[in-house]
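Okay, so here's the structure we're looking at.
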Amino acid sequence: MRTKSDRIRQAVSFELIGLATVTPLGSWIYGFPLLDIGAISVISSLVATCWNYVFNFIFDHALRYWRGTTAKTLPLRALHATAFELGLLLILLPIFSWWLDLGYVEAFLIQLSFALFYLVYTIVFTWVYDRVFPDPSARAAA
């Protein structure tokens, strides 16, 4: 099991590296000023963090109410991830639209590209992180 300080290091480094990557990429790809993309990226990160807490709280309580447990099967994990991302897209849509002065369709497409970036980034980041900072209990179990 990872320690509290390791989890903090992982979360902070995930966000900082993600922001340092997505901001210049977004600015270059979409032609928006670096500060605009940087600001919307930071806002998105903060909203996603808050939404993660709220969503998981609600989802776990719903699971416990309907199933008597918070244990998740593979289909429930897929539902969980999909519902989280759709909720986040809906929350961020008006923010993206307003901040970048875009219509909802354009804002949605940019958001979708951010979500796809973070999907790939999450897989790569966690793989690299687990190799650079291995979980001691994972080594003991192997």
Quick one: in region 23-46, of everything that is surrounded by 13 or more Cβ atoms within 10 Å (Cβ to Cβ) and of a type in the set (Gly, Ala, Ser), which residue is farthest from Phe84 (Cα to Cα)? Ser27
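Does region 94-107 hold any residues that are assigned to a helix (DSSP H, G or I) and surrounded by 15 or more Cβ atoms within 10 Å (Cβ to Cβ), and which are they?
Just the residues of region 94-107 that are assigned to a helix (DSSP H, G or I), to begin with: 94-100, 104-107.
Ile95, Phe96, Ser97, Trp99, Leu100, Ala107 - these are the residues of region 94-107 that are assigned to a helix (DSSP H, G or I) and surrounded by 15 or more Cβ atoms within 10 Å (Cβ to Cβ).
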Give me the residue from region 108-127 that is surrounded by fewer than 12 Cβ atoms within 10 Å (Cβ to Cβ) and at pLDDT 90 or above and, out of that set, nearest to Leu90 (Cα to Cα). Leu116
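I'm trying to understand the selection: among the residues of region 55-89, which are of a type outside the set (Lys, Arg) and not in a helix (DSSP H, G or I)?
Initially, region 55-89 is screened for residues of a type outside the set (Lys, Arg), giving 55-63, 65-66, 68-71, 73-76, 78-89.
Gly68, Thr69, Thr70, Ala71, Thr73 - these are the residues of region 55-89 that are of a type outside the set (Lys, Arg) and not in a helix (DSSP H, G or I).
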Taking the conditions exactly as written (in contact with a His (Cβ under 9 Å, 6 or more places away or on another chain) and assigned to a helix (DSSP H, G or I)), does Asn52 satisfy them or not? no
How many residues, within region 8-42, are within 30 Å of Leu76 (Cβ to Cβ) and among the aliphatic types (A, V, I, L, M)? 5
Positions within region 26-47 being in contact (Cβ under 8 Å) with a residue 40 or more places away in the chain and farther than 15 Å from Ile95 by Cα, in sequence order: Gly26, Ile29, Tyr30, Phe32
Of the numbered conditions (1) surrounded by fewer than 11 Cβ atoms within 10 Å (Cβ to Cβ); (2) within 20 Å of Thr23 (Cβ to Cβ); (3) modelled with pLDDT under 90, Ser137 satisfies every one except a single condition; which is it? (2)
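The values are calculated or read from the model by the stated rules, or taken from the named source; none is laboratory data. Treat the numbers as computed from the prediction; the structure is a model and nothing was measured. Because the Cβ atoms are built from the backbone with ideal geometry, glycine has one as well, and the counts that use them run over all protein chains shown.
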